[in-house]
1. Name every residue in the range 91-111 that is within 16 Å of the ligand (Cβ to nearest atom), closer than 12 Å to residue 415 by Cα and among the hydrophobic types (A, V, I, L, M, F, W, C), in order of residue number.
2. Looking only at the range 97-127, which residues are touching a residue at least 60 places away in the same chain (Cβ under 8 Å), surrounded by fewer than 23 Cβ atoms within 10 Å (Cβ to Cβ) and not aliphatic (A, V, I, L, M)?
3. When you check residue 160 against the structure, is it under 28 Å from the mean Cα position of the chain (by Cα), within 16 Å of the ligand (Cβ to nearest atom), surrounded by 16 or more Cβ atoms within 10 Å (Cβ to Cβ) and outside any helix (DSSP H, G or I), yes or no?
4. So which helices (runs of 4 or more DSSP H) stay within the range 28-134 end to end and still have 2 or more residues that are under 19 Å from residue 423 (Cβ atoms) and touching a Ser or Thr at 6+ places or on another chain (Cβ under 9 Å)?
5. Would you call residue 377 among the acidic types (Asp, Glu), buried (at least 21 other Cβ atoms within 10 Å of the Cβ), touching a strand residue (DSSP E or B) at 6+ places or on another chain (Cβ under 8 Å) and more than 18 Å from residue 22 (Cα to Cα)?
6. What is the one condition in (1) crowded, with 24+ Cβ neighbours inside 10 Å; (2) more than 16 Å from the ligand (Cβ to nearest atom) that residue 284 does not satisfy?
7. Scanning for something in contact with an Asp or Glu (Cβ under 6 Å, 6 or more places away or on another chain) and more than 21 Å from residue 338 (Cβ to Cβ), does the range 230-247 turn up at least one residue?
8. Being free of Cβ contacts under 8 Å to residues at least 60 places away in the same chain and either in a helix (DSSP H, G or I) or over 18 Å from residue 269 (Cα atoms) (or both) is the filter here; which residues of the range 282-310 pass it?
Amino acid sequence: MAEMGEKGFAIAALKRREPLLWINPELAPSQKVLTGLPLGGRHIKAAEARLRWFAPLLSHLFPELKSSGGIIESALVPVPAMQAAMERYGKEARSGRLWIKADCDLPVAGSVKARGGIYEVLLFAETLAREKGLLNSGQTAIRLGEPDVRDVFAGYIVAVGSTGNLGLAIGTMAAALGFKAVVHMSADAKAWKKRRLRDRGVTVVEHDADYGSAVRAGRDQAAGDPNTYFVDDEDSEALFLGYSVAALRLQTQLAEQNREVDGDHPLFVYLPCGVGGAPGGIAFGLKHVFGDDVHCFFAEPVQAPCVLLAMTAGPDLSVYDMGLTVDTEADGLAVGQASKLVTGLMRHLVSGIFTVDDDDLFRYLTFLYREEQIRIEPSAAAGFAGPDFLLNSSRGKSYLQRHQLNDRLDQATHLVWTTGGRLVPDDAFAGFLHRGNALI
Ligand SMILES: *Cc1c(COP(=O)(O)O)cnc(C)c1O
């Protein structure tokens, strides 16, 4: 069977740590898939509305949000010089236009985690305040910043396990609302991310093990304590829906830029993927907005392709079972086991998954800085490998053929989601460039 062949190919290449593009044989028409899922468009809209309700409070808590009225959003940016540089380097992306969704500049948390992570903390705060009778209908979110509410929040812990960026988002938001915040960090977490959290009064618990262990430790500790709320990155609908709101915002931005998306103007989106929540939530939202005209691809490190493994070989496997070590500089993607919630929801919606080795991450990061003066972290560079895979690999070409996209490629939008970077310290970024320059 052709599908078994595809699966066998993916697992063999994955074990050899070879970059690959896997095309999802179970991709199905989005209309049909979406109506059968437990989460739908009204959940996305409700999340969007909640973020708008909270905007005045966020604007009050974070001066950097004054100009956007308390909405945390990133720009949609054309990157023609980057596209030209990629072509010179042989990573052809000539068909269509290359854009980035610059979550690398998201305020407050500096990464895509600002979307889901901050949303879940806000949802918890609102729910708790209502339960305690502290928030009446008709009151605005400003109420949740008043001293008597903060005093109640101070009796609660918001905890999370993280490789770094989720901890930054959750820790920063929780601390700003007056909660105690505890972040369980895996061994891959960068020292500067821990320091930044501690500077904000967040308790950082360091674990001498990987991300999955840090999550488990946090979950176990929270389970025994009614005053601890645990944000479970491996199984959270709130995170997922917070991420999905990006699609509604992107729809507006594309319209503002006169970038059409329809049957003749395909949108290809390349999303860096760790446990799966951020790319999954965003892709879920995009499918609601653009249906079959959007093609979503996830990007994983060759050392940590956990969502690829879950989709091809089964949701219970971890990449360690395949002899991989999760040894990657892409700390935001350094995850051994996928979220089952996400792989279940994405089963028939994701077009494919590709893997990238670390050297390429540093090359793309360096090109983007040289050509466009945009700073991203290594994880956020993974999506740039997408257009070349899609346009030039045999599997990518047959995908284009099967979906009758070949004569529409000139009108295509290739959107690379650059998921983090704003908070990277200068010396760390100089180190990234040093490594990239040596490779180019
Ligand atoms: C966390 C993260 C991702 C991926 O999100 P998941 O929900 O773990 O899949 C991508 N890029 C960056 C920079 C991240 O921090």
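1. Correct list: 100, 102.
2. Within the range 97-127, 97, 105, 107, 124, 126 meet the criteria.
3. yes
4. Answer list for the range 28-134: 113-131.
5. Against the criterion (among the acidic types (Asp, Glu), buried (at least 21 other Cβ atoms within 10 Å of the Cβ), touching a strand residue (DSSP E or B) at 6+ places or on another chain (Cβ under 8 Å) and more than 18 Å from residue 22 (Cα to Cα)), residue 377 qualifies.
6. (2)
7. yes
8. 286, 289, 290, 293, 304, 306, 307, 310
The values are calculated or read from the model by the stated rules, or taken from the named source; none is laboratory data. From a predicted model like this one, the values you see are computed outputs, not experimental measurements. Positions of Cβ are generated from backbone atoms using ideal geometry, with glycine treated the same way; all protein chains shown enter the neighbour counts.
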